[in-house]
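The values are calculated or read from the model by the stated rules, or taken from the named source; none is laboratory data. Predicted, not measured: the structure shown is a model, and the values here were computed from it. Heads up, the Cβs are rebuilt from the backbone with ideal geometry, glycines too, and the neighbour counts pull from every protein chain shown. When the accessible area is computed, the model is the full protein with side chains, heavy atoms only, and any ligands, DNA or RNA have been set aside. Shrake-Rupley method; radii C 1.70, N 1.55, O 1.52, S 1.80 Å.
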Amino acid sequence: MTGSPITQHTPKSPKEGDENPSGEKEEDATPTADQQRQMEQAFSQMKRKMTIQEMGDKIKHKIMVLSGKGGVGKSTVATGLALSLANQGNTVGLLDIDITGPNVPKMLGLGGHRLNVEGGRIFPAVGQRGVKVISMAFLLESDDTPVVWRGPIKLGAIQQFIGDVEWGELDYLVIDFPPGSSDEPLTVAQSLPNIDGMVIVTTPQEVALLDSRKSVGFANSLKVPVIGIVENMSGYTIHGTAQANQTISVTGPTNEIIEITANEAGDWSVTLDIFKQGGGQTTAEEMDVPFLGRLPFDPGVIRGGDDGVHRIVAQPEGESAIAFASIVEAIKKQIKDNKDSQSSGGLEII
Amino acid sequence: MSENLNLVKLERMNSEMELTWSDGSINTIAYPTLRFWCPCAKCGPRRDEEELSNQFQVEVDSLPTEKPIVNPVGGYALHFEWSDGCSSGIFRFERLHDIALGENPDGGKPYTHGAW
Ligand SMILES: Nc1ncnc2c1ncn2[C@@H]1O[C@H](COP(=O)(O)OP(=O)(O)O)[C@@H](O)[C@H]1O
Ligand SMILES: [Mg+2]
Ligand SMILES: [Zn+2]
């Protein structure tokens with residue numbers, strides 16, 4: 001494809017004498033180079049469209065993960081959802097098309113990985129828990145080189161990432177997008193049939209919440225259902241020990257005094273609202289979309305480096321992993337509810 | 001088409017279908033017209049040039065008259081199945097609305113992949 005950054009991919013040209021898209025007006029007319037190029041393009045588009053249709057059937061569920069602004073933990077959440085779904089025995093793919101900072105590979109121990117293309121097909125890398133990964137980072141010269149993509153090239157790459165990847169059969173495909181209302185979600189929504197919906201990630205701060213309201217509007221304009229809102233970095237839990245049933249006091253983030261009573265074993269814990277908690281839920285209620293749950297502030301959520309490890313892998317029974325599992329349950333329930341309401345109510349076909 | 005306009009009812013008649021929209025408006029699309037505007041990658045390029053396009057129109061006009069099977073896609077589009085001709089296209093509601101109003105749903109632009 002012209003203008004494509006994935007140069008290894010050469011679409012097969014239609015054989016000479018094959019059905020000529022220009023209607024076979026003159027038998028002996030040799031197509032000009034330009035016509036030839038157009039034919040090749042149409043042919044590869046057709047092929048891609050067919051595989052995309054096929055992909056619609058082979059991948060049972062497709063979930064888009066978005067946020068109104070960067071740095072709220074969208075990629076951390078997308079990766080966590082993929083791992084959590086995989087922990088339940090699902091076959092999961094993770095497509096990272098956040099060109100502003102494709103950091104999913106590093107969260108799954110795949111830093112430094114490059115695109116694997118064989119016979120014109122792209123093969124995903126396999127990360128922890130067998131999660132299959134395709135990332136814009138695989139196209140970079142080095143993980144630290146920022147890329148400036150021109151619009152058409154970027155969208156072409158995304159379409160290739162959708163149509164030319166050998167995902168195989170998947171139960172879930174999770175897609176991590178750039179923050180805000182960029183072109184990418186539109187391209188994906190137009191190219192991929194039957195998207196289950198969008199998960200919007202926010203933090204409890206007012207600015208992030210405002211942006212997540214915009215994301216809900218954005219989802220509506222794309223005609224993609226909103227699965228719900230996840231509130232990330234929502235409160236930090238500290239633990240300690242004291243004497244059995246002893247009451248101790250802790251100073252909170254805004255200097256308020258919090259009194260806690262230890263249990264029979266002398267253990268106590270308290271969740272501090274680093275940012276004001278509950279904003280995600282209020283926003284969800286306001287916008288009339290589901291609230292999927294909170295993820296705690298967890299400074300070690302990703303153990304860094306190219307061989308990064310997500311908390312879900314490092315501590316499958318830990319607080320973060322449990323929070324992710326409950327959000328996954330909420331997502332599954334919401335997807336099912338959306339399907340039910342679509343098939344019963346809504347459009348009447350006679 | 002306004003963002004919130006939704007298709008609420010589709011009734012298949014013998015040679016056309018009647019669409020009822022959430023704003024209460026009702027309009028019809030004849031089956032050959034629907035088939036001419038198939039957004040799939042095979043049919044799209046066939047509308048790009050006038051001569052090709054005329055030939056394509058003749059082709060869809062000569063297809064047998066039948067009621068299609070209608071499959072909803074998500075909450076935003078419909079897929080039509082025919083016993084003959086092309087059944088690949090996924091029609092977004094906006095597209096159906098444009099077609100029903102006699103507008104060019106491709107906006108006069110040549111076919112580009114993904115533009116439903
Ligand atoms: N729940 C959390 N607790 C603590 N740090 C987090 C949490 N979620 C994400 N982070 C950190 O915040 C930073 C941004 O996260 P990232 O997922 O890359 O955000 P985004 O994709 O929205 O830009 C990273 O350093 C990440 O480790
Ligand atoms: Mg990110
Ligand atoms: Zn078609």
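Among the strands (runs of 3 or more DSSP E) lying completely within the range B:1-54, list those that include at least 2 residues that are open to solvent by less than 20 Å² (accessible area, probe 1.4 Å) and over 28 Å from A:Gln35 (Cα atoms).
Numbers: elements: B:7-12, B:16-21, B:26-30.
It comes to B:7-12, B:16-21.
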Within the range A:309-329, restricting to residues that are part of a helix (DSSP H, G or I) and among the acidic types (Asp, Glu), the one that is nearest to A:Met107 (Cα to Cα) is A:Glu319
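Restricted to the range A:173-188, and to residues that are closer than 21 Å to A:Pro124 by Cβ and out of contact with any Phe, Trp or Tyr (no Cβ under 8 Å at 6 or more places or on another chain), which residue is nearest to the other protein chains (Cβ to nearest Cβ)? Working first, answer last.
Taking the range A:173-188 and keeping what is closer than 21 Å to A:Pro124 by Cβ, we get A:173-178, A:184-185, A:187-188.
Checking the rest, the ones that are also out of contact with any Phe, Trp or Tyr (no Cβ under 8 Å at 6 or more places or on another chain) come to A:174-178, A:187.
Values: A:Val174: 17, A:Ile175: 15, A:Asp176: 20, A:Phe177: 16, A:Pro178: 18, A:Thr187: 6 Å.
The extreme case among them is A:Thr187.
For the subset of the range A:199-223 comprising residues that are under 17 Å from B:Arg92 (Cβ atoms) and touching a Phe, Trp or Tyr at 6+ places or on another chain (Cβ under 9 Å), which member is nearest to the other protein chains (Cβ to nearest Cβ)? Lay out the reasoning, then the answer.
Applying the first criterion (under 17 Å from B:Arg92 (Cβ atoms)) to the range A:199-223 yields A:218-223.
Next, from what is left, pick out any that are touching a Phe, Trp or Tyr at 6+ places or on another chain (Cβ under 9 Å): A:222-223.
Numbers: A:Leu222: 9, A:Lys223: 4 Å.
Per the criteria, the residue is A:Lys223.
Among the strands (runs of 3 or more DSSP E) contained in the range A:73-131, which hold 3 or more residues that are under 15 Å from the mean Cα position of the chain (by Cα), crowded, with 20+ Cβ neighbours inside 10 Å and more than 16 Å from ligand 3 (Cβ to nearest atom)? Walk me through how you get there before you give the answer.
Values: elements: A:92-96, A:116-118, A:121-123.
Qualifying strands (runs of 3 or more DSSP E): A:92-96.
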Picked from the range B:80-115 (must be open to solvent by 40 Å² or more (accessible area, probe 1.4 Å) and closer than 27 Å to A:Ala219 by Cβ), the residue modelled with the highest pLDDT is B:Leu101
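Could you grab me the full set of residues in the range B:25-40 that are within 15 Å of ligand 3 (Cβ to nearest atom) and more than 13 Å from chain A (Cβ to nearest Cβ)? I'd like the intermediate steps shown before the answer.
At the first step, the residues of the range B:25-40 found to be within 15 Å of ligand 3 (Cβ to nearest atom) are B:31-40.
Listed by number, the residues that qualify are B:Tyr31, B:Pro32, B:Thr33, B:Leu34, B:Arg35, B:Phe36, B:Trp37.
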Only one of A:Asp306, A:Asp298 is in a loop (DSSP other than H, G, I, E, B), more than 20 Å from A:Val201 (Cα to Cα), touching a helix residue (DSSP H, G or I) at 6+ places or on another chain (Cβ under 7 Å) and at pLDDT below 90, namely A:Asp306
Quiz item: Within the range B:59-69, can one find any residue that is more than 16 Å from ligand 2 (Cβ to nearest atom), open to solvent by 80 Å² or more (accessible area, probe 1.4 Å), over 13 Å from the mean Cα position of the chain (by Cα) and at the interface with chain A (Cβ under 8 Å from one of its Cβ atoms)?
Solution: no
